[in-house]
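Accompanying notes for the structure given below.
All of the numbers you see were taken from the coordinates with simple rules; none came from a lab. In this text the structure is predicted, and so the values were computed from the model without any measurement. Cβ coordinates were reconstructed from backbone atoms using ideal geometry, including for glycine residues, and neighbour counts include every protein chain displayed.
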Amino acid sequence: MRRNILLLLMIAFTCMVVSCYDDKGSYNYTDVNEVEIDELGDGYSVIFKKDTLKIVPKVSFTMDSLTPDRYEYEWKAVPGLTNKNPGGVIGTERDLVYFTELYPGSYSLYLKIRDKQTGLLWMNSTPLSVRTEVALGFLLIGEDPDGYVNVDMIAMPSDTIVLKSLLSNNGLPPMKGPKRIMYTSSGISSFDPYVKLWVATEDRSYYVNTTTFSGDPLNTFERMVYSSFEMPAELNPVHMIAKSRAGAMSSYRMVVCDNGYVFLVSLFSGEYYANPINRASKTQDVLFKAYPYIFSTPGYVSGAVIYDTDDNRFLRFGTFDTSSRELPDGATDIFPWIQPEGRVLWYAENTMDTEGGSSNGNSFALMKDTETSDFHIYKFYASNGAKRAYYAVNKSLVTDIDKAELFAFSSKRTMFLYAVGKTLYAYDYNKGYEKLYKMEMDGEITMLKFDIQSNTTYNDLYVATYNAETGGTLQKYVLGTDQNKFELTPDERCHWTDLVKVKDMDWRNSTK
């Protein structure tokens, strides 16, 4: 009973204290400006380095919608669980306009809106998928409108699309003077780690990621060389034999650098380059400067021929050699391996010409006599060093050939093409039937190249031109096979404009 009385007294005391408490709190509530984000869409799928993502969200404000600088906007791509790419902020305006440079993968795309007066934050999200279409197609290196090196691609995943500015914001320093682009291809799965995409410029040569085209200033060739010779600080590849017929990777890789160093490796042992082989078997301690091109058979790589620019001679090496071997000349040979005084190598090209039983393709060397400006054509089989044919170029026919820097030898005709300005020349060197043809293009010719990788007809000629109105243009022509005339038929399906000022192209045959 006593316990009940005490409990009643405590309750009464508590009520008395509460009733005496002076409540000084404020009950004047302030309305909050609320933001609602809608119409972001059900999700987006865009192509890396191709599409521009455009989203116009519906944004509603319960109070102040007339003061645009009151709000901060942030579009942020957050990678999915299996996506190791960094993501990040891709826009800071209310409406999103974003050229897709996010690496391929799945993301959640968030729009965040912050009210700067209240500090409150609202957000909404939508799925985003970035895919790549760089499986098959032609890689093009050239100059962009600002004069810097960049890469475009004529990609052929199903329908043909054009991917532009693939080197932009890729982590490499801006470069000048495009020289060559080299995709080393894929084949045996064990070689996948050695698939590389090289870009060679006047400044430097780097390899870049084959999917994202991202690069690193450390992606250089000299870091892959382990030589007992004292090596230069920089080794910049400008030509490499990496592919055989139809673009399949060779198990051997041959590399020549802009300073004339030549290297050979078997990929079965990894991509670790030992001592250079631009040295003769008789003078193995003396390095000569090699011409920046390697003669080899495109159909199957089984040795190569290089040109010594110091002593003006051709040498050969096999896939197991550690130095180059001198090639002997016979008294009745159709042309010499060791050149007479004043004769130098002017242009070099490997083709799928099969004359003389060269089933894997003959090589051509265009030689020039520096004193007389006479030109000569040597044709040989680089696999075994067999001489196939010699042609003296008719100097009275080949107009402006000494001004030309662009050449292309046909695999199916006794014909080579060369360009000077807007004029394309085609010279038929068939003995006794020599002829010169010419045609005018709409712009300056910047590249000539026969396609011997993507198909087996070997009659497709790609001509790149440039003018200020259309930018870089690439046109595919089919060279006619009638030996009595010169016909170039344009393929209307293969005409692209607004490209880089194309310097070189290479065939990519794989997603790797």
**OP:** Could you point to the residue in Tyr437, Ser410, Leu424 farthest towards the positive end of the stretch 390-450's charge dipole, with +1 and -1 charges on the Cβ of Lys/Arg and Asp/Glu respectively?
**Re:** Ser410
**OP:** Let me know the charge dipole size of the stretch 63-205 about its Cα centre in debye, to the nearest 20, where only the beta-carbon of Lys, Arg (+1) and Asp, Glu (-1) is charged.
**Re:** 400
Subject >> For the chain, calculated [θ]222 nm from helices alone, where every DSSP H run of n ≥ 4 adds -39500 (n - 2.57) >> reply: -1500 deg cm²/dmol
**OP:** Mind sorting out which of (1) 66, 27, 18; (2) 45, 22, 20; (3) 61, 24, 22 is the real semi-axes √(5λ) of the Cα gyration tensor in Å computed from the coordinates?
**Re:** (1)
Subject >> Packing rank of 490-497, 467-474, 216-223, 162-169, where each peptide gets the mean count of other beta carbons within 10 Å, highest leading >> reply: 162-169, 467-474, 216-223, 490-497
**OP:** May I ask for the net charge around Val398, where only other residues with Cβ less than 14 Å from the Cβ of Val398 are counted and Lys, Arg are +1 while Asp, Glu are -1?
**Re:** -1
Subject >> Prolate/oblate/rounded label for the stretch 99-153 (Cα gyration tensor, a/c 1.5) >> reply: oblate
**OP:** Sticking to Cα atoms, compute the Rg of the stretch 63-145 to one decimal and its Dmax as the biggest Cα-Cα distance, whole number, in Å.
**Re:** 17.1, 55
Original post:
If you place +1 on the Cβ of every Lys and Arg and -1 on the Cβ of every Asp and Glu, how big does the dipole about the Cα centre of the chain come out, in debye to the nearest 20?
Top reply: 1320
Subject >> Positive-end residue, the stretch 161-221 charge dipole about Cα centroid, Cβ charges, pick of Thr201, Phe191, Leu172 >> reply: Thr201
Original post:
What ranking, highest mean first, results for peptides 407-417, 125-135 when packing means the other Cβ atoms within 10 Å averaged over each residue?
Top reply: 407-417, 125-135
**OP:** May I ask you to list the residues of the stretch 146-163 whose amide nitrogen lies under 18 Å from a point 7 Å from Cα along the Cα→beta-carbon direction of Glu202?
**Re:** 146-151
**OP:** Please turn the phi angles of the stretch 405-418 into ³J(HN,Hα) values with the Karplus equation 6.51 cos²θ - 1.76 cosθ + 1.60 (θ = phi - 60°), one per residue in order, whole Hz, x for glycine and proline.
**Re:** 10, 10, 9, 7, 9, 7, 7, 10, 10, 7, 8, 10, 10, 8
**OP:** Return the distance in nm (one decimal) between the two label points of a simple spin-label model at Ser60 and Thr92, each offset 7 Å from Cα along Cα→Cβ.
**Re:** 3.0
Original post:
If you add up the charges near Leu436, with Lys and Arg at +1 and Asp and Glu at -1, over every other residue whose beta carbon is less than 13 angstrom from its beta carbon, what do you get?
Top reply: +1
Original post:
Could you give the length gained on full extension between Thr332 and Lys112, defined as 0.36 nm per residue of separation minus the Cα-Cα distance, in nm?
Top reply: 71.0 nm
**OP:** Place +1 on the Cβ of every Lys and Arg and -1 on the Cβ of every Asp and Glu in the chain, take the dipole about the Cα centre, and give the residue among Thr212, Thr370, Leu315 whose Cα lies farthest towards its positive end.
**Re:** Leu315
Original post:
Under 25 Å from the Cα of Lys76, which lysines turn up, not counting those fewer than eight places away in the same chain?
Top reply: Lys49, Lys50, Lys54, Lys58, Lys84, Lys112, Lys116, Lys164
**OP:** Provide the packing ranking of 328-335, 428-435, 174-181, i.e. peptides ordered by the mean count of other C-beta atoms within 10 Å per residue, highest first.
**Re:** 174-181, 428-435, 328-335
**OP:** Taking the Cα centre of the stretch 125-173 as origin, work out the dipole magnitude from +1 charges on Lys and Arg Cβ and -1 charges on Asp and Glu Cβ, in debye rounded to 20.
**Re:** 200
